[in-house]
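Working notes for the structure below.
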Amino acid sequence: MKLLRRRKTILVILVFIWLGGMIYFLAPLTGSRDDTRSNGDQEDTHINFQQNTDNRDTYYDKNEFVGLRGKPVETDSRRIEGFDVESYLSVTRVRQGEDAYASNAYNQEASDKAPFNRDVPDVRASQCQERLWISDDLPTTSIIICFHNEGRAALLRTVISSLNRSPPNLLKEIILVDDFSDNAEDGKLLEKLPKVRVLRNNQREGLMRSRVRGADEAKGEVLTFLDSHCECNKNWLEPLLERIKENRNMIVSPIIDVINMDTFEYLGSSSDLRGGFGWNLNFKWDFLPPNVLAERSGQPMAPIKTPVIAGGLFSIDKKWFERIGKYDMDMDIWGGENLGLNTRRAVEVWMDDYKKFYYAAVPYAKNTPFGDIQSRLALRKKLKCKPFKWYVQNVYPELRVPEDDDTTAFGEVKQGKDCMDTLGHTSGGTVGLFECHGAGGNQLWNFVKNKMLKHDSFCLETANEKEGTPALLRECDEQNSNQHWEYDKGSNRIRHVGSGKCLDSKDQKEKGLVLNSCSDSFTQSWAFEDGKAL
């Protein structure tokens, strides 16, 4: 379960996807079992990775770690009950009058109040809850957690839940990589806990290089990367490791539930979701296609093939991680000006001619320097990775390719320095103008041959043909004539087919975009900024 974090963090997650998910799907499918991926037809337990810890049936015993049949457990004299929780948390606890959101963009006061070893509900399907695990023949893992100025309460719960909910004979160690936090003791003090090792960077390195440092130090057979603000639920680890045991080239990501950023309430997520993205490369959750839902009917423990993963939480065999090139070490610190650099590097390495759709969706990226990518291109050639066209056609056919469908224009719809923008509205909401930011998102539109102006699954529609009628977002319906528009390239007007009136921004601050009688007014002039002509 992940905390809802800063928007820039959400954006940069997709960079991780390219380095793991893209290589995984684009790598060759020939070779021995250790060198190939499974066809995914084998049954698997739902990986229900929750951000809370149910203390019932924990693996940790206050006297000693007890191995579960087979693999011996290394002796560790450190004990959870010997850790001074109050002393650790009191240093950074939110004081009266302080902004609880200032440090981590979540309610740190609520986090501080949540018990460090709290119970959470087990929301797995009943078949998953009834499954008995024998872990003696599963590979060992090193958990790697990178952080920078993370709230101490959230970080502590991550570590404690990992210890309490992981079979001791499978958990080799927990490696905390402190990416030069302001207070070195945020991590250092946690070395008093069992199996915890702390590595501290001498300067900010960013998530990529920090994870690689942890991976290089890891002693486990499998690397399990966790965010620094998550909590593990019962039997979270065994399904991950079982899948990797079946196929050492598998990248396994769990179902991710949510902790409310304001209250820290536990919220179970749907298991009928998988990762996806649009041409702006922002990660999103997609509902499973109907054919996949049908295949999974009555089989809640069956694995879900996903085009991409939310790269904060996943397990991968250490040797496979090293073979496919780890992470791109030239990708820089999270957020800020480095977002464009990181994403554009991935685009230039992996997307071939399809990169034009990214640049149409995110125009500002065209001018973002991305550095020397020759080593990554050489890696792609060495691994004999398949082209991005194969990925689109075979792995993610649900990703609509503008030139393959009925799209006639794709990108921003501009009026001077402003762009047509959904303003965050969904079905039934108005559409307005906002300064063009070049990042796609709410400003990404496509005009299709059936005369519909689309944003994701919504189309622009008018309730009637009267003067001043607002244009609203509605679910697309090709048979609905109120959703039919034409673009006049000569006058740059967008004309409503049924009424003959034009889309006008004159009163957009009060009413949104509306229908008005066509005129030469600048408020009716629109230009599509994209790489595809109308």
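The values are calculated or read from the model by the stated rules, or taken from the named source; none is laboratory data. Keep in mind that what you see is a predicted model, and the values were worked out from it rather than measured. Cβ: placed from backbone, ideal geometry, glycine included. Neighbour counts: every protein chain shown. To get the accessible areas, we keep the full protein, side chains included, count just its heavy atoms, and leave off ligands, DNA and RNA. Shrake-Rupley method; radii C 1.70, N 1.55, O 1.52, S 1.80 Å.
Dividing the radius of gyration of the alpha carbons in the range 189-289 by their Kirkwood radius gives 0.98 for Rg/Rh. Normalised by the number of residues in the range 340-398, the average gap of Cα pairs under 8 Å and 6 or more apart makes the relative contact order 44 percent.
DSSP beta bridges confined to the range 402-528 are antiparallel in about 100 percent of cases.
Overall, the ratio between the Cα radius of gyration of the range 97-216 and 2.2 N^0.38 Å, rounded to two decimals, is 1.21.
The string of couplings for the range 497-506 from the Karplus curve (6.51, -1.76, 1.60, θ = phi - 60°) is 4, x, 9, x, 7, 10, 6, 10, 9, 3 Hz, one whole number per residue in order, with x for Gly and Pro.
Here the ratio of the Cα radius of gyration of the range 361-475 to 2.2 N^0.38 Å is 1.37. Across the range 344-395, Cα-Cα pairs farther apart than 13 Å form 62% of the total.
Quantify, in whole percent, the carbon and sulfur part of the accessible surface of the range 402-528 (1.4 Å probe; protein heavy atoms only). Exposed carbon and sulfur together represent 44 percent of the surface.
Taken per residue, the accessible surface of the range 344-395 reaches 52 Å², heavy atoms only and a 1.4 Å probe. Please compute P(r) over all alpha-carbon pairs of the range 402-528, binned at 10 Å starting from zero, and give each bin as a whole-number percent. Using 10 Å bins, I get a P(r) of 14, 51, 33, 2 for the range 402-528.
Geometric descriptor of the range 402-465, per residue, is 100 Å³ (volume of the convex hull of the Cα atoms).
What order do you get for 147-159, 242-254 when each peptide is scored by the mean count of other beta carbon atoms within 10 Å, highest first?
Ranked by mean Cβ neighbours within 10 Å, highest first: 147-159, 242-254.
Given a 1.4 Å probe and the protein chains as shown, residue 385 ends up with an accessible area of around 20 Å². What net charge do the residues around residue 519 carry, taking every other residue with its C-beta under 11 Å from that of residue 519, with Lys and Arg at +1 and Asp and Glu at -1? Charge balance in the 11 Å sphere: +1.
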